[in-house]
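A.B. asks: Could you have a look at this structure, given as structure tokens, before my questions?
The values are calculated or read from the model by the stated rules, or taken from the named source; none is laboratory data. All values derive from a computational prediction rather than experimental measurement. Quick reminder, even Gly has a Cβ in these numbers, built from the backbone with ideal geometry, and neighbours come from all protein chains shown.
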Amino acid sequence: MFGIGTKNIGIDLGTANTIVYAEGKGIVLREPSVVAKNTKTGEIVSVGSEARDMIGRTPASIVAIRPMKDGVIADYDTTVAMMKYYIDKALGHKTGKPYVMVCVPSGVTEVEKRAVIDATRVAGARDAYVIEEPFAAAIGAGLPVMDPTGSMVVDIGGGTTDVATISLGGIVSSRSIRMAGDKIDDAIVYYVRQHNNLLIGERTAEQLKMDVASASVEAAKELDNQTIRGRDLVSGLPKTIEIEAVDVAKAIQEVIQEIISAIKETLEETSPEIAADVIDHGIVLTGGGAQLRHLPEVISDATKVPVFIASEPLDCVAIGTGESLKSIDVMKKK
Ligand code: ADP
Ligand code: MG
């Protein structure tokens with residue numbers, strides 16, 4: 001479209017995962033948002049899944065950094081390095097610079113938005129544009145965002161949960177809370193430390209969440225116990241324990257309730273017409289956190305609205321960001 005051979009790309013710069021969509025190709029890259037650096041030289045040791053496997057396991061000479069926190073850039077230089085690596089990898093060539101669309105959580109400040117645009121330019125974009133994450137998620141989930149009908153999307157990522165109602169191509173009401181996958185992991189670490197005197201790492205907590213966590217304490221009674229390893233706080237030695245799924249469900253209840261409150265508040269702010277549309281079409285969940293066991297049922301019970309998980313929930317934001325590249329043409333003319 002702009003320059004032969006150069007694809008324009010859409011980037012879902014997530015707290016947990018970075019996903020790149022190339023125009024005409026679809027999703028070309030999915031990697032964790034993690035960078036491992038040499039602490040002495042500042043040199044990058046690895047980026048992506050290799051770097052993620054190093055979290056909690058690095059010697060003094062290496063540090064594994066997650067440069068995005070709570071949906072925004074926490075470490076600018078590392079974010080630039082990571083984006084540069086992913087943009088180059090996604091394009092697979094160095095001729096011409098792409099136009100890049102990046103998503104940001106709804107409710108970020110102008111300064112935070114500016115930082116994303118600057119970082120994307122420094123990382124190699126000819127120019128960069130931002131799109132609000134819940135809007136991208138809704139496009140990616142296939143919701144009729146341009147129609148005169150209300151849709152509701154809840155994107156539960158690593159750092160933020162973004163809730164929005166959308167109609168006629170715009171966000172009608174939204175909430176972005178810093179309560180999502182990472183806070184669920186933290187809650188598990190905290191619970192196991194308090195109740196089992198065992199210190200576990202964030203990767204172990206995340207694995208435990210994927211294996212047995214449930215949004216419903218009641219439904220968790222049907223799930224099997226799980227074996228976990230960590231460091232005994234009393235003896236200081238490694239230890240293996242069995243943890244009940246009910247305990248994991250209890251551990252994460254507070255975070256689940258915060259997410260439900262954000263959904264209710266967003267619903268309360270909409271017009272009666274949009275609320276009625278949402279009751280008709282249901283709430284659509286996207287993001288990795290949408291895959292938490294029994295979450296649709298629990299949200300549906302609390303809101304009295306049907307709840308569905310989008311197909312490919314982890315990819316929705318990237319797909320929506322990529323599809324909105326088409327509007328760059330329009331934006332450039334403004
Ligand atoms: P982000 O957009 O912030 O990068 P993602 O949408 O990629 O986040 O989702 C990542 C989050 O989803 C992580 O916190 C991860 O632990 C969580 N997640 C992934 N799979 C599951 C699952 N099966 N159950 C619960 N949480 C999950
Ligand atoms: Mg996301």
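A.B. asks: How many residues does segment 235-253 hold that are closer than 11 Å to ALA213 by Cβ and among the charged types (D, E, K, R)?
C.D. replies: Selection size over segment 235-253: 2.
A.B. asks: Every residue in segment 128-157 that is over 21 Å from PRO272 (Cα atoms), away from ligand 1 (no atom under 13 Å from the Cβ) and in a strand (DSSP E or B), please.
C.D. replies: ALA128, TYR129, VAL130, ILE131, GLU132
A.B. asks: Something else: So how many residues does segment 260-285 have that are touching a helix residue (DSSP H, G or I) at 6+ places or on another chain (Cβ under 8 Å) and either of a type in the set (A, V, I, L, M) or touching a residue at least 40 places away in the same chain (Cβ under 8 Å) (or both)?
C.D. replies: 9
A.B. asks: Something else: Please pick out the residue among ALA119, ALA138 that is away from ligand 2 (no atom under 16 Å from the Cβ) and either surrounded by fewer than 23 Cβ atoms within 10 Å (Cβ to Cβ) or in contact (Cβ under 8 Å) with a residue 12 or more places away in the chain (or both).
C.D. replies: Residue meeting the stated conditions: ALA119.
A.B. asks: Here is a follow-up. Restricting to segment 104-126, give me the number of residues that are modelled with pLDDT of 95 or more, not polar (S, T, N, Q) and not in a loop (DSSP other than H, G, I, E, B).
C.D. replies: Residues that pass the stated criteria total 12.
A.B. asks: Just one of (1) more than 16 Å from ligand 1 (Cβ to nearest atom); (2) in a helix (DSSP H, G or I) trips up ASP186, so point out which.
C.D. replies: Every listed condition holds for ASP186 apart from (1).
A.B. asks: Same structure, new question: Please list, ordered by first then second residue, the pairs with beta carbon atoms under 6 Å, 6 or more apart or interchain, first in segment 286-301 and in contact (Cβ under 8 Å) with a residue 24 or more places away in the chain, second among the charged types (D, E, K, R) and within 16 Å of ligand 2 (Cβ to nearest atom).
C.D. replies: Close Cβ pairs (under 6 Å, with a partner that is among the charged types (D, E, K, R) and within 16 Å of ligand 2 (Cβ to nearest atom)) amount to THR286/ASP155; GLY287/ASP155.
A.B. asks: Among the listed residues THR160, THR165, identify the single one that is near ligand 1 (Cβ under 9 Å from one of its atoms) and of a type in the set (Ser, Thr, Tyr).
C.D. replies: Every option except THR160 fails the conditions.
A.B. asks: Next question. Let me confirm something: among VAL45, VAL80, VAL63, which residue is farther than 16 Å from ASP12 by Cβ and assigned to a helix (DSSP H, G or I)?
C.D. replies: Going through VAL45, VAL80, VAL63 in turn, just one is farther than 16 Å from ASP12 by Cβ and assigned to a helix (DSSP H, G or I): VAL80.
A.B. asks: A follow-up question, please. Could you say whether any residue in segment 159-173 is without any contact (Cβ under 8 Å) to a residue 60 or more places away in the chain and farther than 25 Å from ASP70 by Cβ?
C.D. replies: Yes: one or more hits.
A.B. asks: For the subset of segment 179-198 comprising residues that are within 19 Å of the chain's Cα centre (by Cα) and not small (Gly, Ala, Ser), which member is nearest to GLU242 (Cα to Cα)?
C.D. replies: ILE188
A.B. asks: Specify which of the listed residues (SER61, SER106, SER33) is within 16 Å of ligand 1 (Cβ to nearest atom), within 30 Å of ILE200 (Cβ to Cβ), among the polar types (S, T, N, Q) and touching a residue at least 12 places away in the same chain (Cβ under 8 Å).
C.D. replies: Result of the check over SER61, SER106, SER33: SER33.
A.B. asks: While we're on this one: Give the residues of segment 207-229 that are surrounded by fewer than 21 Cβ atoms within 10 Å (Cβ to Cβ) and out of contact with any Lys or Arg (no Cβ under 9 Å at 6 or more places or on another chain), sorted by residue number.
C.D. replies: Those that are surrounded by fewer than 21 Cβ atoms within 10 Å (Cβ to Cβ) and out of contact with any Lys or Arg (no Cβ under 9 Å at 6 or more places or on another chain): GLN207, MET210, ASP211, GLU218, LYS221, GLU222, ASP224, ASN225, GLN226, THR227.
A.B. asks: Go over the candidates LYS84, LYS37, LYS94, LYS89 one by one and state the one that is modelled with pLDDT under 95, away from ligand 2 (no atom under 16 Å from the Cβ), surrounded by 14 or more Cβ atoms within 10 Å (Cβ to Cβ) and among the basic types (Lys, Arg).
C.D. replies: After applying the criteria, what remains is LYS89.
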